[in-house]
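Single-structure report; data block below.
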Amino acid sequence: QVELVESGGGLVQAGGSLRLSCAASGRTFSSYTVGWFRQAPGKEREFVAASTRSGGTYYADSVKGRFTISRNNAKNTVYLQMNSLKPEDSAVYYCAAGLVGGMVIPDGYNYWGQGTQVTVSS
């Protein structure tokens, strides 16, 4: 069992930056692929980025070059650095772990955090 807690969301102007954190308790993060997803009102939850156990990183095309996923296994924490934010990045951001299926689909993960709101004003 893994418990995930996201933090770092907030209100930022377009072009600004935020860093989200996903802290895990329970089993060590180093053994998990961890993903970030987001969900805007009225839209489906969508893949943002993932960090694999072997150190690979993957990004949605919409955030490539602007967002960076990283992990600190000693702190059992995964980060999402978000730069050059756009109003369309506004959503609740979730981290997920425990890959059981496809890495870019929500059903592919066993464990989820409660989410953190990111709002980008124009």
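Assorted remarks:
- In summary, the aspartates and glutamates within cross-link reach of LYS43, defined as a Cα separation below 18 angstrom excluding same-chain residues under 8 places away, comprise ASP61, GLU88, ASP89, ASP107.
- Shape call, the chain: gyration tensor on alpha carbons, a/c limit 1.5: prolate
- Cα gyration tensor category, rounded, prolate or oblate, for the stretch 1-72 with a/c compared to 1.5: prolate
- Whole-percent carbon and sulfur share, accessible surface of the chain, 1.4 Å: 47 percent
- The packing ranking, built from the mean of other Cβ atoms within 10 Å per residue, places the peptides 99-112, 70-83, 51-64 in the order 70-83, 99-112, 51-64, highest first.
- Protein heavy-atom accessible surface, 1.4 Å probe, per residue over the chain: 50 Å².
- Residue-count net charge about GLY101 - beta-carbon cut-off 15 Å; Lys, Arg +1, Asp, Glu -1: 0
The values are calculated or read from the model by the stated rules, or taken from the named source; none is laboratory data. What you see is a predicted model, and the numbers here were worked out from it, not measured in a lab. All Cβ positions, glycine included, derive from the backbone under ideal geometry; neighbour counts span all protein chains shown. The protein model used for the area step is the full one, side chains on, heavy atoms only, and it has no ligands, DNA or RNA in it. Shrake-Rupley method; radii C 1.70, N 1.55, O 1.52, S 1.80 Å.
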